[in-house]
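Q: Input: one structure, supplied below.
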Amino acid sequence: MRRYRTSAIVLKRTNFGEADRIVTFITEQQGLVSALVKSARKQGNKLAGGIELFSICDITFLEGKGELDHVISSRLEAHFQHIVSDYSRIEIGYEAVKQVARAARQFSEPGLYTLLKDTLSALDDTDLPVPLSEAWFRLNLLALLGQQPNLTHDAKNKKLAGDTNYTLLPDDGAFMPDERGTITPAHIKAWRVLLTTSAARAAAITGVPAAIEESLPTLRHLFEYQFS
């Protein structure tokens, strides 16, 4: 049976039998992997220490005969400890893990591992506003799966104007000019920024964090519509 080694992030852990666990990972090189971790729930088990939530793990797998592989060695590469110190960061962290797991089951997309890794890193940075990290994740997951909103042209295929308010049409993924719309050109500009740079760099751009926080309810609505 083949052995392979890769960086991985835990997506789900399920107790199995008296002491084992079945763990689902998103991996850097192999995509979605489910594996059995023998005796993971026994005190002092060395494998268990390398499969922590909100961590980057260095895992060696032994390919199984069925659907499950086996974890034969594990080591923590990085642990995002600040996420678990704040409820809002934990909440978004679990949401990111959940949505990446869901996407990985439907799409063979190698960028999912990097997206989740960068999202957890952003959430671990206590200098970054949580709404900005959340928005960065949601927009970039939409973009990765080809479902991002149109940030250049409106629903009538006209270039977005710099002096017009808009309403987002989630079924079209496009903006409609609307005098009473809550989305402004500043909000759209901030969304563009999040799709072209890291969360940390976006946070340093004047006006972007505030614009993201104001427009986050609209982005959440779009995200829920696309993934409902």
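Q: Across 10 Å bins from the origin, how do the percents of Cα pairs in the chain run, short distances first?
A: Percent of Cα pairs in each bin: 8, 30, 30, 18, 10, 4, 0.
Q: Please tell me which of these pairs span more than 18 angstrom C-alpha to C-alpha: K12/K98; K12/K38; K98/K189; K38/K65; K65/K98? Numbers along the way, then the final one.
A: Numbers: K12/K98 9 Å; K12/K38 16 Å; K98/K189 28 Å; K38/K65 16 Å; K65/K98 27 Å.
Among K12/K98; K12/K38; K98/K189; K38/K65; K65/K98, the Cα-Cα distance tops 18 Å for K98/K189; K65/K98.
Q: D20 versus T197, label points 7 Å from Cα toward the beta carbon: distance in nm?
A: Between D20 and T197, the simple spin-label model gives 4.9 nm.
Q: Using amide H atoms built 1.01 Å from N in the peptide plane, name the residues 5+ places from A78, or on other chains, whose amide H lies under 5 Å from its own.
A: Residues meeting the amide H criterion: I56.
Q: Hey, another quick one. Can you give the FRET efficiency for K189 and V84, using 1/(1 + (r/R0)^6), R0 = 45 Å, r = Cβ-Cβ distance, to the nearest 0.05?
A: Here the calculated transfer efficiency is 0.85.
Q: Sticking with this one: Given labels modelled 7 Å from the Cα in the Cβ direction, how far is it in nm from A210 to Y225?
A: If labels sit at A210 and Y225, their model points lie 2.8 nm apart.
Q: Run the reach check for K156 against aspartates and glutamates, Cα to Cα strictly under 12 Å, same-chain hits fewer than 8 apart removed. What comes back?
A: D172
Q: Further question on the same structure: Between the DSSP loop rule and a limit of at most 16 other Cβ atoms within 10 Å, which GluC sites (Glu not before Pro) in segment 128-228 are left? If you can, show how the numbers build up before the last one.
A: Working: sites: E134, E179, E213, E214, E224; in loops: E179.
Taking segment 128-228 and a limit of 16 other Cβ atoms within 10 Å, the loop GluC sites (Glu not before Pro) found are E179.
Q: For the pair E77/T60, report the inter-label distance in nm, with labels modelled 7 Å from Cα in the Cβ direction.
A: About 1.6 nm separates the two model spin labels.
Q: Just to confirm a number: summing +1 for Lys and Arg and -1 for Asp and Glu over residues other than A203 whose beta-carbon lies under 13 angstrom from that of A203, what do you get? If you can, show how the numbers build up before the last one.
A: Working: positive: R201; negative: D125, D127, E134, E213.
Residues near A203 contribute -3 overall.
Q: Hey, another quick one. Extension gain E109-D125, at 0.36 nm per residue separation less the Cα-Cα distance, in nm? Before the final figure, lay out each step's value.
A: Details: separation 16, 0.36 × 16 = 5.76 nm, distance 2.60 nm.
So the extension gain works out to 3.2 nm.
Q: Give me the percent relative contact order of segment 85-151, please, defined on Cα pairs under 8 angstrom at least 6 residues apart. Provide the component values of the computation, followed by the final result.
A: Details: 33 pairs, mean separation 22.0, N = 67.
Answer for segment 85-151 is 33 percent.
Q: Would you kindly state how much longer the chain becomes between A143 and R102 on full extension, computed as 0.36 nm times their sequence separation minus their alpha carbon distance, in nm to one decimal? Walk me through the numbers on the way to the answer.
A: Values: separation 41, 0.36 × 41 = 14.76 nm, distance 1.55 nm.
That pair, A143 and R102, stretches by 13.2 nm at full extension.
Q: Quick one: angle between helix 111-124 and the longest Cα principal axis of the chain, in degrees between 0 and 90, rounded to 10, please.
A: 80
Q: In percent, how large is the relative contact order of the chain, given Cα pairs closer than 8 Å and 6 or more residues apart?
A: Numbers: 400 pairs, mean separation 31.4, N = 228.
Relative CO of the chain lands at 14 percent.
Read the figures in this text as sums done on the coordinates, not as results from a lab. Please read these numbers as outputs of a predicted model, since none were measured by experiment. Positions of Cβ are backbone-derived with ideal geometry, glycine not excepted, and every protein chain shown enters the neighbour counts.
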